[in-house]
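Structure record follows, encoded as structure tokens.
The values are calculated or read from the model by the stated rules, or taken from the named source; none is laboratory data. The structure displayed is predicted, hence computed values, not measured ones. Note: areas computed on protein heavy atoms with side chains; ligands, DNA, RNA excluded. Shrake-Rupley method; radii C 1.70, N 1.55, O 1.52, S 1.80 Å.
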Amino acid sequence: DRQRGLIVRATASSIAQPYGAIHAHVRARLKTRQIKGDPYDCIVASFDYWLSNDAKAHLAVRQCLEDRLAVYDSAAPLHAQMTYLHLEEHRQGYNVLPGNALDRALQSAQSAVQRAPASARAHQALLAAHFARSETDLAWRAAGEAMQLNPYDTEILEDVGARHVQSGHYEKGLELLQKALDLNNTPPTWAVTFRVIALYMLGRTDQSGPMALTLRGSDYPMAMVALVMGTAQARDMAGASAALERLNTIHPAIASNLQAYLKKLAYSQTTIQQIIVDFERARDWIASGKQ
């Protein structure tokens, strides 16, 4: 039974996950416009947003979701994905609308749960909304619901694991991230980033350093921050300088005020303090030019 369960979970991960075979098939069909206007195209686009993570893609995906919601208001996945676009507005300052982005995020997540109470993705969105508002008890309750509703979803495992890392529960976060990795050996960049941060915070730099190097080329802000710290720790002056320059170019506001960004992401104060100390130490070392 255990072996059968592992097979089922691995199959579900490779086929039905956001970057699995089903989504890849829909993505290919979208390029030929065979399903233009179908609400599912915005779902795929909203997951693909995280591959670029920029203001232009954010605006396009949000508009897509708004257009589809005007027609398919009962579609819980659309409301769930809209949650994350509102959260990105809050975190990144992308395409700011009047009003409170965190309030809109919570409203979208609640709408998703109301329309599909048995949807793990809806409860995952609720987790994200509550966590961003520092409503931790409600966030962990939503996390438990999401994992119970779909224990085969590696993205939910990764998401909950990431929240534990942000909260300073590094061992618990690593445990969940490793479970997801056992089922899907091609995790998204953001999940790898949280593994790096957890290992780094636990002092397991022999593991976090090499893993940080796999984040090269990513535009995901925290991946870039982790790369700066990892290359500096390895005394790779060329690599660290290039990583810092790229962060300054792509995310100048984050590079200039990393503490404010980490607070918007709802990291624990202990984690924020340690990252700030080590990032500033890395930046000072790069500026010194001394090996």
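A few notes on this one:
- Fluctuation leader among 225, 71, 160 - the chain, Gaussian network, Cα springs under 10 angstrom: 71
- Rounded to whole Å, the principal axis extents of the Cα atoms in the chain read 59, 52, 42, largest first.
- Principal-axis tilt of helix 21-31 within the chain, Cα atoms, nearest 10 degrees: 80
- Available extension along the chain between residue 178 and residue 59 is 39.5 nm, counting 0.36 nm per residue and deducting the alpha carbon span.
- In the context of the full set of protein chains, residues of the chain present 47 Å² of accessible surface per residue (probe radius 1.4 Å, heavy atoms only).
- For the chain, with all protein chains in place and a probe radius of 1.4 Å, 53% of the accessible heavy-atom surface sits on carbon or sulfur.
- Distant alpha-carbon pairs in the stretch 117-179 (separation over 13 angstrom), percent: 55
- You can think of it this way: the chain between residue 273 and residue 70 has 68.7 nm of extra reach, that is 0.36 nm per residue less the Cα-Cα gap.
- For the chain, the relative contact order works out to 13 percent when only alpha carbon pairs closer than 8 Å and six or more residues apart are counted.
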